[in-house]
Amino acid sequence: MKKNAELIDRREMLALSLAAAVAASLPRYVLAAGASAPSASPLAATLAAFAEEILQLEPETATGLGVDRGEHRSLKARLDDESEAGRSRWVSQINSMLARLSKIDAAQLAAVDRINYESVRYSATMASAGAKFFYGATGCGFNGSGPPYVVSQQNGAVTRIPEFLNTHHQIADSADAEAYLERVRGLARMLDQESARIAAHAGRGVMPPNFIAANALGVRKRFRGTAAAEQPLVKSLATRAKAAGVAGDWQARVAKLVQAEVYPALDRQIAAFGKATAHAPDTAGIYRLPDGEAYYRWALKLGTTTEMSAEEIHKIGLEQNRAIQARMDTVFKSQGHTQGSVGERCRALNADPKQLVADTDGGRQQLLDYCNDRMAATRALIPKFSNLGMKAPLMVKRVPPDIEDGAALGYMNPASLDGVRPAIYYINLKSTALWPKYQIPTLTAHEGIPGHAWQGAFLAEHHDDIPLISQLMSFNAYVEGWALYSEQLVDELGYYANDPYGQIGYLQGQQFRACRMVVDTGLHAMRWTREQAIQFLVAETGRGREAMTSEIDRYCASPGQACGYKVGHNEILKQRERLQAQRADKFKLADFNDAVVRTGGVPMAQLGAAIDQLLA
């Protein structure tokens, strides 16, 4: 015990000096995000030290934030460590953070500092609980994500790294291009790291169900079946180096690496994954895993940042589904749609030729153009919902075709802190039938403005208001709750005034998130089958079977995450209603919205107190 205490004391003493080193080495925009704070308080120094340590563990995050330069340039040539040793380093980091936080008297902190302290402690505490399971993410859920499987249809190096290199790794000079090449070598290493964990976990009874395994294996085989010279990650470096005037035969060099190192490692992974899942069951729920029921309780808490049980969440989902369907029924009847259940009427609308575009590249471009049109409409509402004055640059892209089979139907990548790379709103256009036009407006509000892109823009454009560590954590219920609240917000501000079908799409989106609460808890706590969950979503929401199968498979691979949307949305509304009642005519919608965003992201249990402090 004495040795451990001495180690903690040394780390505590090093915190101030390390934080000062961070302040000296990070770019100005990161310095403002928290590294200048060491002189202000011991907490600021400690949080700055945490941020530096985590950047060393997560070099991909450093690139995503745009801080892989200067003293941190070496991070640009590295990828995250997905080995068991990498997980052990994360566990040590988590334990060290908790030990150092325990030495700070939270009662003596200023109000905003206390919010930051509690948020970091919550993340580290949840990660410490996640570390008790031998399987799961290497970061043990510190960043708010806790998938149980090393590889699935949506997780793993093949689905993440090529797009990361294309979108996040900037190419401005030959050093950037060389770092890109080193990361391609790192992709081969990461594949082998994953393969080792796949085999180790399978030996202890952890592997994805057979339908997830088949999809994940297919994604990897299709990637392997592409000629090295035709790989997007090869073309990306060659194209961008040429555009930047960086001389060199980059296409040949990266293609050689893919052929000589990445493909052999991928072959090994395909073999290892195939062997590990050869006899995988078709049981969808993670209750079948070792300590699976306990893992789901942890994952549900991680996903909702509440103490709510699966039974409570399931019940709320059923109740809110019925309530929202009643509202949908009213709008449907106003448009002359009176026959059948709400789900059946949605299904008919999905098949309406007026709502569909051709399943061609031209049709896909039509949907991308429509997304941009709807983004312009939400931008026009900014003065009504916020006073923050953010620019929130945003672009829309199709999910890369080589990963669309396992990808979500829509998602957003945040902008870099330096403003070099805008936020990117991705839409899965594997088939244009996945997105009838009436569903596009609410998707755009969710992923774009005032949803994820707007909330993320605060972290980039107002980074001087929050410590850098806040950029390295994520609370799922906050992030997704805000995006779902954003869907409601634009409806309240007249977004659908002349678009009744768009309003049906909005209500269907809300209802869909209520149904997610039902099926996620159904799969993992109430032992529903995959088919039972698919049928429930199809019948209740009216959405297509292909899309709902993809969604259910997503919940199987990321248990608990889908419940965070509506839980977070409900809590934000609860706080708004509380403040409206307390402040009466002094309540201002934009001030409330800005306070939620200015928290930078907190667990739901802290949201009310954080909003009160910021409004004060």
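Every number in this text was worked out from the coordinates using simple rules, so none of it is lab data. None of the values given here were measured: they were computed from a predicted structure. Backbone-built Cβ (ideal geometry, glycine too); neighbour counts: all protein chains shown.
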Note to self: Neighbour counts of other C-beta atoms within 10 Å: give me Met375, Met190 arranged from fewest to most.
What the structure shows: Met375, Met190
Notebook entry, point to check: What is the packing order of peptides 101-111, 151-161, taking the mean over residues of other C-beta atoms within 10 Å and listing the highest first?
Noted result: 151-161, 101-111
Check: Which of the peptides 240-248, 545-553 is most tightly packed, and how do the rest follow, judged by the mean count of other Cβ atoms within 10 Å per residue?
Finding: 545-553, 240-248
Check: Which of Ile286, Pro393, Gly448 sits farthest toward the positive end of the charge dipole of the chain, with +1 on the Cβ of Lys and Arg and -1 on the Cβ of Asp and Glu?
Finding: Ile286
Checklist line | Given Lys221/Lys437; Lys301/Lys566; Lys301/Lys574; Lys315/Lys566; Lys315/Lys430, the pairs whose alpha carbons are separated by over 23 Å | finding: Lys221/Lys437; Lys315/Lys430
Checklist line | DSSP beta bridges in the chain [antiparallel fraction, %, rounded to 5] | finding: 45
Notebook entry, point to check: Order of Thr442, Thr529 from fewest to most other C-beta atoms within 10 Å?
Noted result: Thr529, Thr442
Notebook entry, point to check: Rounded, prolate or oblate: which one fits segment 450-552, using the alpha carbon gyration tensor with axes a ≥ b ≥ c (rounded when a/c is under 1.5, else prolate when a/b beats b/c, else oblate)?
Noted result: oblate
Margin query: Test of understanding: what is the full-extension gain from Ser41 to Lys574, defined as 0.36 nm times their sequence separation minus their Cα-Cα distance?
Written below: 188.5 nm
Checklist line | Proximal charge balance of Arg197 [Cβ under 12 Å; K/R count +1, D/E count -1] | finding: -3
Note to self: Could you derive backbone 3J(HN,Hα) for segment 417-434 from the dihedral phi with the Karplus parameters 6.51, -1.76 and 1.60 (θ = phi - 60°), listing whole Hz in sequence and x where the residue is Gly or Pro?
What the structure shows: 5, 7, x, 5, 10, x, 5, 10, 9, 9, 10, 7, 10, 3, 9, 5, 5, 5
Next item on the list: For Val396, enumerate residues with amide H under 5 Å from its amide H, sequence gap 5+ or separate chain, H modeled in the peptide plane.
Entry: Tyr425
Notebook entry, point to check: What ³J(HN,Hα) values, in whole Hz, does the Karplus curve 6.51 cos²θ - 1.76 cosθ + 1.60 give for segment 354-365 when θ = phi - 60°, with x put for Gly and Pro?
Noted result: 5, 9, 10, 10, 4, 7, 9, 4, x, x, 4, 5
Notebook entry, point to check: What are the residues whose amide H is under 5 Å from the amide H of Ser145, where those residues sit 5 or more places off or on another chain and H is modelled from the backbone?
Noted result: none
Notebook entry, point to check: Rounded to the nearest 500 deg cm²/dmol, what is the calculated helix-only ellipticity per residue at 222 nm for the chain, with -39500 (n - 2.57) per DSSP H run of length n ≥ 4?
Noted result: -19500 deg cm²/dmol
Next item on the list: Quick one: check the C-alpha center-to-center distance for segment 221-259 versus segment 430-467, whole angstrom.
Entry: 30
Next item on the list: Can you list which of the GluC sites (Glu not before Pro) found in segment 248-357 are DSSP loop residues with at most 11 other C-beta atoms within 10 Å?
Entry: Glu307
Checklist line | Pairwise FRET efficiency - Ala590 versus Gln365, Cβ, R0 = 30 Å, nearest 0.05 | finding: 0.30
Item checked: For Ser416, distant residues with modelled amide H under 5 Å away -> Arg421
Next item on the list: Compute the longest continuous run of the chain that contains no exposed chymotrypsin sites (Phe, Trp or Tyr not before Pro); treat a site as exposed when its DSSP state is not H, G, I, E or B and it has at most 15 other Cβ atoms within 10 Å.
Entry: 135-586
Notebook entry, point to check: Going by how many other beta carbons lie within 10 Å of each one, how would you line up Met604, Met473, Met207, fewest first?
Noted result: Met473, Met604, Met207
